[in-house]
Amino acid sequence: MGKYVIALDQGTTSSRCILFNEKGLIQSVSQKEFTQIYPKAGWVEHDPMEILSTQIEVTKEAMEKLNVTAEDIAAIGITNQRETTVVWNKNTGKPVYNAIVWQCRRTSEFCDELKAEGFDKKIREKTGLIVDAYFSGTKVKWILDNVPGAREEAEKGNLLFGNIDTWLIWNLTKGKVHVTDYSNASRTMLFNIHTLEWDKEILERLNIPASMLPEAKPSSFVYGYTDPEILGGEIPISGAAGDQQAALFGQACFNPGTAKNTYGTGCFLLMNTGEKAVTSKNGLLTTIAWGVDGKVEYALEGSIFIAGAAIQWLRDELKIIEKASDSEPLAESVEDTNGVYVVPAFVGLGAPYWDQYARGTIVGLTRGVKKEHLIRATLESLAYQTSDVLKAMEEDSGITLKALKVDGGACANNFLMQFQADVLGVQVDRPEVIETTALGAAYLAGLAVGYWKDKEDISKNWAISRSFTPNMDDSRRTELLNGWKAAVNRSLGWAN
Ligand SMILES: Nc1ncnc2c1ncn2[C@@H]1O[C@H](COP(=O)(O)OP(=O)(O)O)[C@@H](O)[C@H]1O
Ligand SMILES: O=P(O)(O)OC[C@H](O)CO
């Protein structure tokens, strides 16, 4: 058995490869950002070929850094930005259109039609999802309806659909394997999360041929082997999960009631609900956490569309910080936001509001407001959004969290983590390895080939690096949260 497990972490803004050892510690890492394409306001695309090339490049680089070859690798696990949709021709291997990214709003109006018909109730029941342009189903339909010749080719059985996991596995096996795992399938809005089958009625309504769909499999499973020309040998690809579910696994949230929040491009709070698919009354999604050990487990999810991306906006669009980490000292250089709230509803609002037409809003500006206040208000918005979804989750599950496990790029920000603990009134625990998305994918892959024995073996690897304890009085918390609610109200429905 090889000494390391590779995780391919294909995120919204970068492709990353990490090699882990059996203690779950990072041995080598390589990462590359890739192009974000914004063809129109509210539209977001990626080039699937660039996703593939950057992902292979970083994998080779991470292996070279540690001076290892394919024989040293026990398994590969894949984790990915979810919902992002690729449609390609199975004969040429070429995508028929750019990947339509999860954040893209182009199918909002069609989603409104589904809601007007009342079809959203059926979708909610079968898929656990709230009808929204976020999910893959309406994106596939858009490609078939708008790319010349696509529908004809799809009907002839020549086109395949996949999320990024499927696209990577298909390419790494040189077109031999067309699969997805249950957690990714549960994000398409085409998959029945109770029967674990693609849903005929939804496919019919969205006019999507079943022949395009990948086979859905457990998340810890040998799907196939890498073609030797790619990484120099046949390595089992034996784990796959959507990045948020992978992070839940990597945080060892194996028991019902355990939860984590990932601060990446977006922010995603997931709570394990075990073998029970809990339906939310408060705007959360019911989603498959993973299929492992011959059973499927579920999670409740609060999906926040813009989190770290708001910090990128400060950096790339407003140009008021040079790098993301500068936001921390700048936010701390002022005492508060001077009354300013930033609601980063750049692509509408997800949980618990689900408003496709909300847009980014800054309120409370006065002449004394400096860039430091804006930066602080932007960071605070990540914590407020998390507070909104945590409240919804506690109501739905009847569980009050004692501590929230955190991970993802922006959880490195100590100001943000302390403010998060303050505004929640709940302890925030940051683990030693914050790359839990990649770690979860590695664990899933390693379990399938016997590199790790079982979940207990994995749980032993989890350790806290730092805890943040709440330090804000209740009246201040209430005052701040009331201001946030008022700011959110101003942002709702704007694009309408
Ligand atoms: N110190 C920091 N403070 C605030 N935000 C940060 C910090 N470091 C990284 N980020 C944000 O975190 C995100 C990157 O996190 P990552 O988990 O790699 O995201 P993804 O997997 O979505 O690409 C970026 O959006 C970046 O702006
Ligand atoms: O790229 P991330 O880590 O923000 O994750 C994106 C999510 O998977 C979207 O559902």
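A few notes on this one:
- Here the calculated FRET efficiency for residue 460 and residue 200, from their Cβ-Cβ distance with R0 = 51 Å, stands at 0.70, rounded to the nearest 0.05.
- Förster radius 45 Å - calculated FRET efficiency between residue 319 and residue 112, Cβ distance, rounded to 0.05: 0.80
- Directionally averaged projected area (region 166-216, Cα convex hull): 3.5 nm².
- Karplus-derived HN-Hα couplings along region 318-326 (A = 6.51, B = -1.76, C = 1.60, θ = phi - 60°), whole Hz, x at Gly and Pro: 6, 6, 9, 9, 8, 9, 3, 5, 4
- Using 0.36 nm per residue and subtracting the Cα-Cα separation, the extra length available between residue 414 and residue 399 on full extension is 2.8 nm.
- Taking a straight Cα-Cα cut-off under 19 Å and skipping sequence neighbours fewer than 8 places away in the same chain, the lysines within cross-link reach of residue 32 are 60, 65, 323.
- In straight-distance terms, cross-link reach from residue 260 covers every one of the lysines whose alpha-carbon lies under 19 Å from its own, apart from those fewer than eight places away in the same chain; here that gives 276, 391, 402, 405, 455, 460.
- The spread of Cα positions in region 195-345, taken along each principal axis and listed from longest to shortest, comes to 54, 48, 37 Å.
- In the chain, the convex hull through the Cα atoms has an average projected area of 21.3 nm², a quarter of its surface area.
- For the chain: accessible area per residue (Å², 1.4 Å): 37
- Amide H contacts under 5 Å for residue 174: 227, restricted to partners 5 or more places along the chain or on a different chain, H placed in the peptide plane at 1.01 Å from N.
- Space enclosed by the convex hull of the alpha-carbon atoms of region 300-374, per residue, Å³: 113
- Modelled spin-label separation between residue 234 and residue 354, with each label point placed 7 Å from Cα along the Cα-to-Cβ direction: 4.6 nm.
- Fraction of accessible area attributable to carbon and sulfur, the chain (%, probe 1.4 Å): 48
- Counting only DSSP beta bridges with both residues in the chain, the antiparallel share comes to about 70 percent.
- For the chain, a simple Cβ point-charge model (Lys and Arg +1, Asp and Glu -1, everything else neutral) yields a dipole of about 460 debye relative to the Cα centre.
- Inter-label distance, nm, simple model (7 Å from Cα along the C-beta direction), residue 57/residue 38: 2.3
- Using a cutoff of 8 angstrom between alpha carbon atoms and counting only pairs six or more residues apart, the relative contact order for the chain works out to 15 percent.
- Near-label residues of region 415-455 by backbone N, under 13 Å of a point 7 Å along Cα→Cβ of residue 474: 425
- For the pair residue 49 and residue 146, label points projected 7 Å from Cα toward Cβ lie 2.1 nm apart.
The values are calculated or read from the model by the stated rules, or taken from the named source; none is laboratory data. All of these numbers come straight from a predicted model, not from anything done at the bench. Because the Cβ atoms are built from the backbone with ideal geometry, glycine has one as well, and the counts that use them run over all protein chains shown. Protein only, heavy atoms only, side chains kept; ligands, DNA and RNA dropped before computing areas. Shrake-Rupley method; radii C 1.70, N 1.55, O 1.52, S 1.80 Å.
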